[in-house]
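Below is one structure, written out as structure tokens; comments come after it.
The values are calculated or read from the model by the stated rules, or taken from the named source; none is laboratory data. These numbers come from a predicted model, not from an experiment. Cβ placement follows ideal geometry from the backbone for every residue including glycine, while neighbour counts extend to all protein chains displayed. All accessible areas refer to the heavy atoms of the entire protein, side chains included, with ligands and DNA or RNA removed. Shrake-Rupley method; radii C 1.70, N 1.55, O 1.52, S 1.80 Å.
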There are 4 protein chains.
Amino acid sequence: MEPGTGRLEAFSDGVFAIAATLLVLEFSIRQPHQDLDHKLLHLWPAYLAYVTSFVTIGIIWMNHHHTVSLLGRTDRTMLFINNLLLLTVAFLPFPTRLVAEDLRAPGEEAAALAYAATFVLMAVMHEVWWQYARRNRRLVAEAIPESALRAVDHAYLPGIPMYGTVFVVAFFSPLAAVLMTFAIAAFYLPSAALFNR
Amino acid sequence: MEPGTGRLEAFSDGVFAIAATLLVLEFSIRQPHQDLDHKLLHLWPAYLAYVTSFVTIGIIWMNHHHTVSLLGRTDRTMLFINNLLLLTVAFLPFPTRLVAEDLRAPGEEAAALAYAATFVLMAVMHEVWWQYARRNRRLVAEAIPESALRAVDHAYLPGIPMYGTVFVVAFFSPLAAVLMTFAIAAFYLPSAALFNR
Amino acid sequence: MEPGTGRLEAFSDGVFAIAATLLVLEFSIRQPHQDLDHKLLHLWPAYLAYVTSFVTIGIIWMNHHHTVSLLGRTDRTMLFINNLLLLTVAFLPFPTRLVAEDLRAPGEEAAALAYAATFVLMAVMHEVWWQYARRNRRLVAEAIPESALRAVDHAYLPGIPMYGTVFVVAFFSPLAAVLMTFAIAAFYLPSAALFNR
Amino acid sequence: MEPGTGRLEAFSDGVFAIAATLLVLEFSIRQPHQDLDHKLLHLWPAYLAYVTSFVTIGIIWMNHHHTVSLLGRTDRTMLFINNLLLLTVAFLPFPTRLVAEDLRAPGEEAAALAYAATFVLMAVMHEVWWQYARRNRRLVAEAIPESALRAVDHAYLPGIPMYGTVFVVAFFSPLAAVLMTFAIAAFYLPSAALFNR
């Protein structure tokens, strides 16, 4: 029974879509709701964190899906690494809520650091995931040309340094760190999307 | 590797179904539960908001699915626009909870405005999504006749003005605005469903 | 473009599985957690409600899936009815939580009534769903013999009277009503499952 | 209409992926968020419980999927047993939250016992599930060799004694019990994964 990639994909698809949709649970307004209009406007850090996390998950999911399509088979180690990657994606709603609740509030530095650290971890796991599959074409399907692998290399390469920079920036300005994460989601990730290469 | 629409659909399907099912989390009754029967009857704004949002998501999902079936391919920009559309759908449980908790209470105007604004945004994103794909048949499959595209045009056209009207009405009567949204879900959307054209 | 049942099934599948898995959110223990062992043992109404709702959703899902497999096509009205059926399924986590929190507590009568009413509504919607599709074989696939339709008729028939009885019992003994619902899930539903007819 | 295993798989897949992703909801920090950095570091029991439960669900899902692929058909009893297995998987987020909140706190013994008991129940249901299908090759597909069945026997055999031991250990040291569960997820389960046999 040759282990295909279908099972790995189905579980991954579910986790990505659910993690993105659970992000909305970060929004909460404590009662009483007097001045609700005022409170809704002051939720802007929550909106910013929601959009940033949602768009990032959406694009990472697309890249994950594309990269899996390059694989011809998988093995136990890959399965375990994939599990750890999903674990970091499924964790994102928690630091997103911290940023939503604490940006421009006393705990903002720790919130931004936790947020950035999650993205760093996600980028590291994505790189480990890819390198394990790609090294010596360990799991790559035969028909896939080297150029397709190099395209993924180039798309994944900036992930760790970019989110590492966000992490460092979070020490100095939590708001700037979150805005950088948003900018990556809005400008860098779409251009690096492996979707139609 | 020609980018098909399958991946876009799978992620979208998940987000629609999860967003609809998460709506139930809006219901909450603070303890103690003395007079629970009384409290359950006074939850009618929550029931109204739940039915309205659930039915709307269900029908929008069907239309999304139908429209995707007209496309022959997709591209990065489409992927990004689709992400933003899903972002508005996945956001709906939050304003639904606001309406559930605040209709007939002090914060009702802001709640109804947030609710209507989410539907306006959703309608705008759906229109942008469709126009991007349809303009010059950019992503439309070759076999699809012009008449099928015009059917979608007609079905989507009233979305923005209808929900825009709801938004304006919310300033004067939050209850009327929510009832209008319900009426759209119960009467207009099913008739405009693209499901069997 | 002949409207198949695939799209209806995918959305339904998602809602069933998510509603069942969201049931776990009913469990909560207020801090402080002193005497946690004691508190966990006193959660038995929550365990009872969880098992009852979970098993019921699982079996209803199987029957829904089987019945859809008898259909050759669908239409707008069916789509709308299916949406309303899913709406009652997705609502179940709320009355389940009420039973979990209030059985053997002051609000138990209202909780059991809300729980039973949800099942009545679900049974009614399932019957409407089936009758709409089956009447004059409106949506039934050609190859399906009459005997297969009658098997579904017989399986669905007792639903409304059974849950209606539970509703009446809830006025006299909330505990008995919940136990009856459990017994239906444990004994009646599996035997009526349409799974391997 | 021969009852295939596809429907059983789709529902199971959904429950596994959703249960894993809901685990993140265990994380919560009570406001005010002063000393958030300090509080985040003291959440280590929550991180430990999250990683343990997530990785375990991921691997059990893979094994479930592999085992279902050995079956040629299913029946009502199997469907019911599968429902009970999923019920224990979907329950895991609750004891995971107890461990997250109470490890190194007054309620830790009860929390670790509840956590271990859930894994014992899960292992028991998995064994019942497998034995029902495998005994006299009741549901096994014809083409499957005996050796493939024995491989599953060996992989599933240690489950109950291992988690039973964790349960006993929890009486003496809750922390040791959780660490053992983590070790099983990190070291034993991947090696026993049926994924590529």
Query raised in the report: To two decimal places, what compactness ratio does segment C:51-137 give when its Cα radius of gyration is scaled by 2.2 N^0.38 Å?
Result: 1.26
Query raised in the report: For segment A:74-196, with only Lys/Arg (+1) and Asp/Glu (-1) charged at the beta-carbon, what is the dipole magnitude about the Cα centre, in debye rounded to 20?
Result: 320 debye
Query raised in the report: If you plug each phi of segment D:62-74 into the Karplus form 6.51 cos²θ - 1.76 cosθ + 1.60 with θ = phi - 60°, what whole-Hz ³J(HN,Hα) values come out, in order, with x for Gly and Pro?
Result: 4, 5, 4, 4, 4, 5, 4, 5, 7, 8, x, 7, 9
Query raised in the report: Per-residue HN-Hα couplings for segment A:104-115, Karplus 6.51 cos²θ - 1.76 cosθ + 1.60 at θ = phi - 60°, whole Hz, x for Gly and Pro?
Result: 6, 10, x, x, 5, 5, 5, 4, 5, 5, 5, 5
Requested in this report: One decimal, nm, shortest first: give the distances between the label point of B:ILE144 and those of the same position in the other copies, each label point 7 Å from Cα along Cα→Cβ.
Outcome: 3.0, 3.0, 4.3
Query raised in the report: Looking at chain C, what % of the alpha carbon pairs are farther apart than 21 Å?
Result: 53 percent
Requested in this report: Distances from C:ARG73 to the same position in the other copies: list them in nm, one decimal, shortest first, using label points 7 Å from Cα along Cα→Cβ.
Outcome: 3.3, 3.3, 4.7
Query - By accessible area with a 1.4 Å probe, ligands and nucleic acids excluded, highest first: order of D:MET78, B:MET125 - result: B:MET125, D:MET78
Query raised in the report: How long is the protein assembly as shown along each principal axis, judged by its Cα atoms, biggest number first, in Å?
Result: 62, 62, 55
Report task. Find the accessible area per residue for chain A; the probe is 1.4 Å, ligands and nucleic acids are left out, and the unit is Å². Result -> 36 Å²
Report summary line: The long-range amide H neighbours of D:LEU71, using H built 1.01 Å from N in the peptide plane and a cut-off of under 5 Å, are D:ALA141
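Evaluate E = 1/(1 + (r/R0)^6) for D:HIS38 and D:TYR188, where r is the Cβ-Cβ distance and R0 equals 51 Å; express this FRET efficiency to the nearest 0.05. Mind dumping the intermediate values first?
Values: r = 34 Å, r/R0 = 0.68.
Using R0 = 51 Å, I get an efficiency of 0.90.
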Report task. With everything on Cα atoms, drop me the angle between helix A:6-22 and the longest principal axis of chain A, reported from 0 to 90° to the nearest 10. Result -> 10 degrees
Query raised in the report: When only the heavy atoms of the protein chains count and the probe is 1.4 Å, how do B:TYR50, A:TYR47 rank by accessible area, highest first?
Result: A:TYR47, B:TYR50
Query raised in the report: What gaps in nm, shortest first, separate B:LEU157 from its twins in the other copies when you place the label 7 Å past Cα toward the beta carbon?
Result: 5.1, 5.1, 7.2
Report summary line: Per the rotation taking chain D to chain A, min distance Cβ-to-axis on chain D (residue, whole Å) equals D:ILE18, 4
Report summary line: Placing each pseudo-label 7 Å from Cα in the direction of the beta carbon, B:GLU142 and A:SER173 end up separated by a distance in nanometres of 5.3 nm
**Report entry** Surface accessible to a 1.4 Å probe, A:THR5 within the full protein complex, Å²
**Finding:** 20 Å²
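Note the buried accessible area between A and D here, summed over both chains, with a 1.4 Å probe, in Å² to the nearest 100.
Details: alone 10380 and 10360 Å², together 17470 Å².
Buried area (both sides, nearest 100 Å²): 3300 Å².
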Query raised in the report: With the dipole of the protein assembly as shown worked out from charges on the C-beta (+1 for Lys and Arg, -1 for Asp and Glu) around the Cα centre, which of D:LEU84, C:LEU179, D:HIS154 lies farthest toward the positive end?
Result: D:HIS154
Query raised in the report: In sequence order, what are the phi-derived ³J(HN,Hα) couplings for segment D:81-91 according to the Karplus relation 6.51 cos²θ - 1.76 cosθ + 1.60 with θ = phi - 60°, rounded to whole Hz, with x for glycine and proline?
Result: 4, 4, 4, 5, 5, 4, 4, 6, 5, 5, 7
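How would you classify segment D:87-162 from its alpha-carbon gyration tensor, with a ≥ b ≥ c the square roots of the eigenvalues: rounded for a/c under 1.5, else prolate if a/b is greater than b/c, otherwise oblate?
Working: a/c = 4.16, a/b = 3.08, b/c = 1.35.
Verdict is prolate for segment D:87-162.
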Requested in this report: Enter the accessible area of B:LYS39 (Å², nearest 10), with the probe set to 1.4 Å and all protein chains included.
Outcome: 70 Å²
